[in-house]
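Every number in this text was worked out from the coordinates using simple rules, so none of it is lab data. Because the structure is a prediction, the values reported are computed rather than measured. Cβ: placed from backbone, ideal geometry, glycine included. Neighbour counts: every protein chain shown.
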Amino acid sequence: MTNHWTDLKHSDCVFIVGSNAAENHPISFKWVMRGMDKGATLIHMDPRFTRTSAKAHIHAYLRSGSDIAVFGGLINYILENNLFFKEYVVNYTNASLVVSKDFKFTSGLFSGFDSGSAKYDKKSWAYDLDKDGVPVRDLTLKNPRCVFQLLKKHYARYTPDNVSKISGTPKEDLLKVYKTYAATGKPNKSGTMLYAMGQTQHTVGVQNIGPCP
């Protein structure tokens, strides 16, 4: 959540994960409640049942530390079912940019990894450039090396069955969460994700937050 708190009242769906906002952030949660008064759906995923869970339309448990898998499953669900605002994705994200042919992802590692220093040389991660030095785009999103297709391929392994095994969340609950939040991927809809220390205070905190759609 990087918007102003008052924007929460305009959301059609608020997805809270890693936070018990009702008790720990009551001022911000006030705006969630304002949104709910206007018809917003509240989703809460947490290892515990809290006062935030009690207010939620949908509550689902997840195993602590399994957040990346849950978000990966959400990304996969959205991409596989074309539940995203395509005009926005094409024109206002890097999804259409074509990545170097040297980029690879094999056995859990991206290309350029140096096992000796345990660091990456990121040269192969660069975008292809045209003769004027401008990044090459594929506005159809069909080029197998465009960011969109690489993203789709990367997250394809996060199937509902795999995510359910990793997170401990029943498959039917996962699909209910995914379907509800993904319904906001339209020009006239707005979805918001709220997270807090339950997401950030991990050794993989950056990775937890990075996939948030």
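Quick notes on this one:
- Options Val136, Pro187, Leu109, ranked by Cα towards positive dipole end of the chain, top entry (Cβ charges): Pro187
- Here's how it looks for Thr41: its modeled amide H is under 5 Å from those of Cys13, Val14, which are all 5 or more places away or on a different chain.
- Overall shape: prolate for the chain, with the ratio a/c of the largest to smallest alpha carbon gyration tensor axis at 1.5 or above and a/b above b/c.
- 10 Å binning of all Cα-Cα separations within the stretch 85-124, expressed as whole percents from 0 upward: 24, 36, 28, 11, 1
- Nearest-20 debye value, the chain charge dipole, Cβ charges on Lys, Arg, Asp, Glu: 220 debye
- Net dipole in debye of the stretch 86-154 [+1 Lys, Arg Cβ; -1 Asp, Glu Cβ; about Cα centre; nearest 20]: 220 debye
- DSSP bridge orientation in the chain - percent antiparallel, rounded to nearest 5: 40 percent
- The lysines within cross-link reach of Lys119, meaning a Cα-to-Cα straight distance under 20 Å and a gap of 8 or more places when in the same chain, are Lys104.
- Summed residue charge, Cβ within 15 Å of Thr140's Cβ, Lys/Arg positive, Asp/Glu negative: +3
- Take every Cα pair under 8 Å whose residues are at least 6 apart in sequence, average their separation, divide by the length of the stretch 90-154, and the relative contact order is 40 percent.
- Cα centroid of the stretch 54-83 to Cα centroid of the stretch 139-167, whole Å: 14 Å
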